[in-house]
Amino acid sequence: MKFPSIKNLVQSAVNTIKRYPLETLFALTGTIAATVKIELDRLDLTAENWCMRIIMIANLGFLLCLSATLYTQSKNWSNSKKTIVKVAAAIVAAFIIFILDPTARQADYVRFFLLSLAFHLMISFAAFTGKGHIQGFWQFNKTLFSRILASLLYGTVLFAGLAAAIGATNFLFNFNFESDTYFILWVWITGIFTTIFFLAGVPTDIKALDGDESYPKGLKIFTQYVLIPLSTVYVLILLAYEVKILIEWKLPKGLVSNLILGYAVFGILSLLLVFPIREQSENKWLKTYARSFYFLLIPLQGLLFVAVGTRVFSYGVTEFRYFLIVLAVWLLGISLYFLLFKKHNIKLIPMSLALLTLLSIYGPQSAFTTSMYSQRRIVVNFFKKHNAFKDDKMMPVDSTKLSKVEGGKAVEQLSYFVDKYDLLALQPYFKKDLQLVSDSLIAANKKDRYFSRYRLREVKYEWVKKKLGLNRFEKYYAYSDTTSTDEYDRYSFFHNDNITPVKDYDIIMENYQAEDSVTTSYKDIKLTRINSDQNVFTLRINDEIFRFESDQLAKKLIADTAKMKAFDKGKDDRPYAAHEYAVPAALMQMSKETPAYKVTLVFERIDFSQKPKDTTIVSSGAGNYLIKIK
């Protein structure tokens with residue numbers, strides 16, 4: 001067996017880089033940014049944010065530049081014209097960094113995913129935008145799919161081997177490679193090795209693919225005996241369910257939308273995989289299966305429209321429901337096309353899906369604008385219904401005329417809207433300049449050590465709730481139209497001692513629940529307070545982790561009813577008010593110990609909710625870490 005030489009491997013990599021210079025540059029940029037982000041984990045949030053944005057742009061730049069390269073390869077253009085198109089694609093991708101800011105707008109994560117999806121789809125047809133070339137299109141995407149799988153396999157094996165080697169050196173030679181080393185190794189393998197390996201396998205002679213009639217036998221077996229049977233099982237279950245709801249005359253469950261989409265994905269993928277061999281005499285049944293697939297998809301799409309429409313009419317359009325509607329319309333169009341036309345152009349599938357994806361990202365027709373208008377209409381209609389809308393402006397509502405459930409629903413919708421779309425989205429219905437209000441709220445709270453982006457959204461919500469006369473209501477997630485009974489038991493425990501003894505401890509560190517983590521130092525000790533889970537408080541001292549599950553303490557306090565009775569302070573008459581207990585500090589603490597440190601978390605307060613005989617959800621907590629250095 002002849003092994004390839006190192007020289008040949010290096011030369012092959014160099015040739016690939018020369019053929020795809022911009023793609024390689026974006027891959028390298030994203031890899032470096034990911035490495036820096038790992039090193040800065042929870043140390044510099046601003047720098048981390050910029051690293052994340054660079055990673056996003058590197059991904060989009062790689063995909064867009066590869067699409068441009070493939071497109072220019074299919075054209076008989078001069079090298080200078082090809083270079084201009086590629087550079088233009090790189091500039092467009094780089095410009096997106098000024099548009100996407102996931103820290104400021106959480107919706108930008110979804111926008112990034114949609115852009116990435118659209119650019120992935122563009123790669124599939126970029127070299128085949130002209131008429132015909134269906135066989136070449138299929139062979140090209142089959143090659144890309146195989147290369148992706150091979151890249152993932154090789155990258156995973158390489159990572160596993162090198163990670164095991166690093167672990168062995170830690171064990172045998174007492175090296176101190178930290179966990180970050182493994183993350184960085186994975187980033188460089190996936191970002192550089194697998195990328196170059198994948199690019200090396202991208203077909204360069206596009207025209208030659210039209211004459212390639214080869215078809216993997218294993219692919220036919222996989223499709224015929226795995227994918228097609230799976231899609232058949234799906235359709236039988238869904239058709240049986242459709243008959244069931246027709247007999248019982250009930251509205252479909254929300255989950256049925258996902259099942260129908262799953263069936264569509266399995267079915268379309270199956271038909272695409274066997275497309276080149278559908279005309280062969282031994283495979284005539286494939287054409288019959290294809291027609292039956294699209295025919296059976298029609299009634300299921302009716303069920304899909306009913307399921308989505310029911311929720312849209314009840315709760316308005318959200319981004320997720322928007323995407324379901326778009327996919328349902330797209331599936332209907334694709335089904336009618338393959339049923340009504342004899343000539344089938346499978347390039348239409350990725351082309352149409354890429355176009356719809358791009359249209360859903362920005363503009364008045366986008367998912368985010370459409371859902372914002374829909375949810376805002378629900379908020380406005382509430383004030384119109386209760387005579388609190390005058391001269392196209394929302395006015396304070398008379399809260400005395402609202403039931404607990406009505407008020408709870410209103411403030412929950414208001415909270416959702418402000419959290420999702422920001423206070424400024426309500427500007428058309430306020431005389432006051434909400435930008436000035438937002439700036440003043442930031443200025444008034446920026447010195448508060450508890451202040452964070454999450455807290456800012458809460459402050460904006462509290463301001464608008466008070467302004468619109470809904471201050472006496474609390475937001476509540478589990479409404480019932482027939483009863484106003486709260487499904488949750490709410491508790492608030494706070495210790496009644498004004499002094500916390502710190503004898504036998506060396507360090508005291510404040511702890512409170514916030515969106516951001518904080519790192520500080522004491523002598524040669526680095527202490528990081530990590531708040532990533534509402535039920536878990538985590539402290540990292542150098543490389544040692546101390547996790548305190550606050551819900552376990554909450555459950556323990558609730559269970560000791562006899563002892564808690566002595567500390568019961570009752571609860572006020574506000575809707576959904578918490579039952580309060582003033583307890584000694586000794587009952588409000590948890591301890592963890594290692595050979596190097598002893599850490600005790602003394603809570604000043606724990607607020608939480610619990611369904612009867614269900615999980616406990618801690619909504620907030622604050623206190624102090626007491627740390628003993630051994």
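The values are calculated or read from the model by the stated rules, or taken from the named source; none is laboratory data. Keep in mind that what you see is a predicted model, and the values were worked out from it rather than measured. Methodologically, a virtual Cβ is constructed for each residue, glycine included, from the backbone with ideal geometry; neighbour enumeration extends over all protein chains shown. Just so you know, the surface numbers come from the protein's heavy atoms only, side chains and all, with ligands and any DNA or RNA stripped out. Shrake-Rupley method; radii C 1.70, N 1.55, O 1.52, S 1.80 Å.
In percent, rounded to a whole number, the relative contact order of region 105-225 is 41, using alpha-carbon pairs under 8 Å and six or more apart. Using a ≥ b ≥ c from the Cα gyration tensor of the chain (square roots of the eigenvalues), is it rounded, prolate or oblate, where a/c under 1.5 gives rounded and otherwise the larger of a/b and b/c decides, a/b for prolate? Verdict is oblate for the chain.
Per 5 Å bin from zero, what fraction in whole % of the C-alpha pairs of region 46-131 is there, up to the bin with the longest pair? Taking all Cα pairs of region 46-131, the binned fractions are 3, 15, 22, 21, 15, 11, 7, 4, 2, 0 percent.
How much of the calculated P(r) for region 1-154 lies past 28 Å, in percent of all Cα pairs?
For region 1-154, the fraction of Cα-Cα distances above 28 Å is 31 percent.
Calculate what fraction, in whole %, of the accessible area of the chain sits on carbon and sulfur atoms when a 1.4 Å probe is rolled over the protein chains. In the chain, the share of accessible area belonging to carbon and sulfur is 62 percent. The residues of the chain expose on average 54 square angstrom of accessible surface per residue, using a 1.4 Å probe on protein heavy atoms. Calculate the length of the line joining the C-alpha centroid of region 376-434 to that of region 50-68, in whole Å. One Cα centre to the other: 40 Å. The ratio of the alpha-carbon radius of gyration of region 225-345 to the globular-protein estimate 2.2 N^0.38 Å is 1.13. A Cβ-based charge dipole, computed about the Cα centre of the chain with Lys and Arg at +1 and Asp and Glu at -1, lands at about 1700 debye. In region 141-284 the Cα-Cα distances spread across 5 Å bins starting at 0 as 2, 8, 11, 11, 11, 11, 11, 10, 9, 7, 6, 2, 1, 0, 0 percent of all pairs. Cross-link pairs exceeding 30 Å between alpha carbons, from the set Lys466/Lys555; Lys385/Lys466; Lys75/Lys343: Lys466/Lys555.
Rounded to the nearest 5, what is the percent of antiparallel bridges among the DSSP beta bridges in the chain?
90
Placing a pseudo-label 7 Å from each Cα along the Cα-to-Cβ vector at Ser440 and Lys220 gives an inter-label distance of 7.5 nm.
Using every pair of separate Cα atoms, the Kirkwood estimate puts the hydrodynamic radius of region 111-222 at 16.9 angstrom.
Using R0 = 45 Å, the C-beta based FRET efficiency linking Phe183 and Ser591 works out to 0.90. Note on region 39-79: percent of Cα-Cα distances in each 5 Å bin, starting at 0 and stopping at the bin with the largest distance, equals 5, 21, 16, 13, 11, 10, 8, 6, 6, 3, 0.
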